[in-house]
Amino acid sequence: MRNHRILGLLVLCTWMVNCSDVRLTKVGPKENSNAISKGQFCVSDPEEVRPVTKVLFIVDKSYSNQLVILPDGGTLPGTDPGGRKRGGAIDDLVQKNMGKDYFRYGLVVFFYDYGESYIKDPVSGRDGFTPNPADVFAATSKLRQVPDDSETPFIESLQRGLQVIKNDRDFHQDERSSYVVIFLSDGIPTVGQSDRTIYDLVNQIKQAGGDLVFNTAFYGDYGDYTQEAKDRLEEMARIGGGKFVDFNTSTQWEFEEFFDQPTYEPWFLSKFMVYNLSAGFCLDGEVDTDSDADGMCDRDELELKGLGFDPQNRFSFGDGYGDYFHWRRFKYRESLPPCVDRSDEDHDYLTACEEKYIKNERAKEDIGKVGHPKQFDTDRDGILDGLETFVFFSRTLAFAMDDTNLLESFDGEESAEHQISQHRNPLVVDSGALSYDSTITPILGPGADCYQHNQARLPLYPTLEVKVGDTLPGLEHRAQENAVLVYYIQKRQKAPREDGVLRYSVQFIKNDPILRDVNQAAGLLQVADKLFKTYAPPGR
């Protein structure tokens with residue numbers, strides 16, 4: 001008997017793989033209602049999405065701080081006896097930023113033949129950055145107390161600074177970090193240390209930090225070698241994309257000179273979209289109810305119930321893959337690697353398992369070939385990875401990592417991006433289908449970057465109840481409720497190709513035939529600043 005069941009399943013699976021995608025049977029009549037929306041929102045103030053600013057001081061502690069011994073044997077007074085200026089300038093910067101919890105500080109000193117970090121990361125215990133001013137003051141106290149001595153090992157100090165940044169990137173991947181390096185010296189490197197190696201290390205630091213600027217400063221007097229010292233430091237700053245400052249030109253050391261408004265930068269609106277997660281693309285090309293928001297519409301799942309599909313459970317097969325991925329397993333005989341991680345840290349409506357599975361071997365280098373669990377829009381085209389994957393799932397898994405596909409017309413109608421924004425299927429001719437008419441209009445005036453939103457057509461669908469655990473967290477709902485996503489992406493004016501910040505809101509609206517009169521459904525979908533949550537991805 002058991003063998004007969006297995007044979008029957010195999011026959012059904014074979015039919016599933018070989019048959020056409022067109023479904024001839026529909027389950028129940030459509031009972032769509034409609035909601036309209038009016039509201040306004042403003043691109044977030046920079047303070048709400050500010051990156052963590054991490055300041056790394058790399059400070060000279062060679063003997064010349066006590067007494068300058070020139071290469072020709074002559075001497076000059078020490079450049080900073082007792083570390084009063086070096087330690088005092090660091091303390092001043094920390095004091096001025098007290099209470100700003102987005103600042104972190106690291107301190108590397110160099111003398112003898114090594115660089116040493118005076119600050120440990122409180123999380124990892126390794127050389128790193130601290131948010132605690134007391135830790136910084138303890139480090140600057142040590143800078144003053146430990147005698148300045150011996151050589152000026154630029155190379156070793158840069159190697160140690162590079163490791164500090166790498167440690168931070170490894171242990172704080174979730175933080176959106178902005179690094180400011182300040183390299184401080186009163187002279188030239190230890191004899192034998194080549195400029196080529198020094199410049200290469202500066203470049204490595206620049207590349208390792210992502211959003212990083214490498215600054216340098218010179219202080220003191222090194223006789224005939226002063227100009228050589230300043231030229232080298234200036235070139236290091238140029239390679240690092242930062243500034244060079246000669247502190248000999250001022251009586252007060254001000255590290256603020258290295259900050260070009262580091263905590264404020266204008267943002268612009270990159271993308272705005274309304275999307276009913278309870279409506280999916282069916283195998284026949286139509287848009288219809290998708291109660292569990294797994295990318296497959298309910299009537300397709302009901303037809304495939306014999307294979308284990310359940311329209312009320314995104315995870316019908318008990319692992320970390322939604323039903324649409326398992327449909328591909330049957331349809332295209334794909335093999336899903338064992339995975340049970342259902343987390344969705346980046347709010348793109350793909351689980352961590354699904355992120356690892358989607359791939360594009362031809363993706364650009366700065367995009368990557370595999371989905372990322374912390375990047376909500378891998379190809380930076382404005383459509384969340386999950387939405388883009390579900391739209392094109394019957395054709396390819398690659399489009400979440402293809403930054404050009406939205407410009408194409410696959411069905412001879414408008415571009416794919418235009419049709420997706422209307423929640424239409426860009427793969428089939430459907431110009432007369434239910435669609436959105438969402439629009440945003442800038443609100444003119446000084447101050448914040450604000451917009452008015454209007455939408456007269458938002459189709460709602462007859463859904464089944466979906467319980468907690470049977471879909472992604474926060475998308476469970478009662479029967480007839482639709483999970484409607486409103487989101488926008490904002491980016492820094494100076495970096496339009498970066499990932500930006502996601503602002504999102506999921507609202508539940510009841511599908512009710514009584515509300516077919518749009519006037520009665522007005523305001524069911526709200527667009528207002530207070531409703532949006534923020535997700536800022538880490539740097540790539």
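Taken together, the values in this text are just the output of simple stated rules run on the coordinates, not laboratory data. Owing to the predicted nature of the structure, the values given are computational and were not obtained by experimental measurement. Note: ideal-geometry Cβ built from the backbone for every residue, glycine included; neighbour counts use all protein chains shown.
For the range 368-509, rounded, prolate or oblate, judged on the Cα gyration tensor with a ≥ b ≥ c (square roots of eigenvalues), a/c < 1.5 rounded, else prolate if a/b > b/c?
Because its axes are fairly even, with a/c under 1.5, the range 368-509 counts as rounded.
If I take every Cα pair under 8 Å that is 6 or more residues apart in the range 51-262, average their sequence separation and divide by the length, what percent do I get for the relative contact order?
The value is 23 percent.
Suppose the chain between Ala495 and Ala134 were pulled fully straight at 0.36 nm per residue; how much longer would it get relative to their current alpha carbon spacing?
126.5 nm
Show which aspartates and glutamates lie in cross-link reach of Lys85 when reach means a straight Cα distance below 15 angstrom and same-chain residues fewer than eight apart are skipped.
The qualifying aspartates and glutamates are Asp60, Asp148, Asp186, Asp221, Asp246, Glu254, Glu256.
Restricting to DSSP loop positions (anything but H, G, I, E, B) with no more than 11 other Cβ atoms inside 10 Å of their own Cβ, which chymotrypsin sites (Phe, Trp or Tyr not before Pro) remain in the range 217-304?
Filter output for the range 217-304: Tyr264.
Please work out whether the range 292-394 counts as rounded, prolate or oblate from its C-alpha gyration tensor, where a ≥ b ≥ c are the square roots of the eigenvalues and a/c under 1.5 means rounded, while otherwise a/b larger than b/c means prolate and anything else oblate?
Prolate, since a/c reaches 1.5 and a/b exceeds b/c.
Return the lysines within reach of Lys305: Cα separation strictly under 23 angstrom, same-chain partners fewer than 8 residues apart disregarded; answer none if there are no such residues.
List returned: Lys26, Lys30, Lys331, Lys467.
By how many nm would the segment from Thr197 to Val340 grow when fully extended, if each residue of separation counts as 0.36 nm and the alpha-carbon distance is taken off? Spell out each step's value before the answer.
Details: separation 143, 0.36 × 143 = 51.48 nm, distance 4.65 nm.
Gain in length upon complete extension: 46.8 nm.
What three numbers, in Å, describe the spread of the alpha carbons of the range 51-262 along their principal axes, ordered from the longest?
The Cα atoms of the range 51-262 stretch 52, 32, 30 Å along the principal axes, largest first.
Which whole-percent values make up P(r) of the chain when all C-alpha to C-alpha distances are grouped in 10 Å steps starting at zero?
Cα pair-distance distribution for the chain, in percent: 3, 16, 22, 18, 14, 12, 8, 4, 1, 0, 0.
Too long at a 27 Å Cα-Cα cut-off: which of Lys359/Lys530; Lys271/Lys359; Lys359/Lys491?
Those over the limit are Lys359/Lys530.
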